[in-house]
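*Asks:* My structure is below; once you've seen it, I'll send some questions.
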Amino acid sequence: MAGVDLLGWNHVGIRVADRGRSVAFYRLLGFEEIGWAEGPRVSFLRNSAGVELNLIVNADARDGRNVLMDEPTKHPGYTHASFRVASAEDTAAALRAAGIAITEGPVDLGGEIAVFVRDPDQNVIELAQLTRRG
């Protein structure tokens with residue numbers, strides 16, 4: 001069998017409960033809504049670097065907990081999306097200025113300095129400055 005020829009990322013899908021609240025949050029991270037599909041209830045977002053997100057608007061309202069990150073039982077699944085930034089310190093300052101709570105960082109993870117935030121549905125977003133190539 002021939003190998004799969006992956007060319008790069010297409011998008012990250014993130015399940016959310018409230019379209020307007022989530023679009024407003026991701027706008028603070030530089031994303032703009034570029035489309036909406038009513039049938040599957042998906043909001044398409046893109047930033048100036050061409051990074052795309054699909055906000056899948058079908059989540060049940062929760063009690064402020066992320067079942068993959070905050071529960072004692074560790075279920076399989078994607079735990080976070082990570083995006084590169086030029087400067088973790090500048091990113092942290094911009095997040096604070098925008099009123100976005102930093103849940104961790106900046107923290108040196110060996111090869112990157114990362115800042116972690118959560119969106120309104122408690123999905124984890126990592127913003128990472130690469131400090132060395134591996």
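*Asks:* Has region 110-132 got any residue that is within 18 Å of Ala24 (Cβ to Cβ), at pLDDT 95 or above and of a type in the set (Lys, Arg)?
*Replies:* no
*Asks:* Of the residues Leu55, Leu95, which single one is out of contact with any Leu (no Cβ under 6 Å at 6 or more places or on another chain) and either open to solvent by 70 Å² or more (accessible area, probe 1.4 Å) or in a helix (DSSP H, G or I) (or both)?
*Replies:* Answer to the selection: Leu95.
*Asks:* Hey, can you tell me all the residues within region 41-52 that are part of a strand (DSSP E or B) and aliphatic (A, V, I, L, M)?
*Replies:* Answer for region 41-52, where residues must be part of a strand (DSSP E or B) and aliphatic (A, V, I, L, M): Val42, Leu45.
*Asks:* Considering only residues of region 113-127 that are open to solvent by 30 Å² or more (accessible area, probe 1.4 Å) and closer than 23 Å to Asn10 by Cβ, which is farthest from the chain's Cα centre (by Cα)?
*Replies:* Checked region 113-127; the qualifying residue farthest from the chain's Cα centre (by Cα) is Asp121.
*Asks:* Of Ile113, Ile100, which residue is in contact with a helix residue (DSSP H, G or I) (Cβ under 7 Å, 6 or more places away or on another chain), in contact (Cβ under 8 Å) with a residue 40 or more places away in the chain and among the β-branched types (Val, Ile, Thr)?
*Replies:* Just one listed residue meets the conditions, Ile100.
*Asks:* Looking at Ala61, Ala17, which is the one that is open to solvent by 50 Å² or more (accessible area, probe 1.4 Å) and of a type in the set (Gly, Ala, Ser)?
*Replies:* Ala61
*Asks:* Only one residue in Trp36, Trp9 is over 17 Å from the mean Cα position of the chain (by Cα) and either part of a loop (DSSP other than H, G, I, E, B) or exposed (fewer than 15 other Cβ atoms within 10 Å of the Cβ) (or both). Which one?
*Replies:* Sole residue among the options that is over 17 Å from the mean Cα position of the chain (by Cα) and either part of a loop (DSSP other than H, G, I, E, B) or exposed (fewer than 15 other Cβ atoms within 10 Å of the Cβ) (or both): Trp36.
*Asks:* Of the conditions (1) modelled with pLDDT of 95 or more; (2) open to solvent by less than 40 Å² (accessible area, probe 1.4 Å), Pro106 clears all except one; give me its number.
*Replies:* (2)
*Asks:* Across region 77-92, what is the total count of residues that are closer than 25 Å to Gly8 by Cα and either open to solvent by less than 40 Å² (accessible area, probe 1.4 Å) or touching an Asp or Glu at 6+ places or on another chain (Cβ under 9 Å) (or both)?
*Replies:* 9
The values are calculated or read from the model by the stated rules, or taken from the named source; none is laboratory data. If you're wondering where the values come from, they're calculated on a predicted model, not measured in any experiment. Using ideal geometry, Cβ is built from the backbone for each residue, glycine included, and neighbour counts are taken over all protein chains shown. Just so you know, the surface numbers come from the protein's heavy atoms only, side chains and all, with ligands and any DNA or RNA stripped out. Shrake-Rupley method; radii C 1.70, N 1.55, O 1.52, S 1.80 Å.
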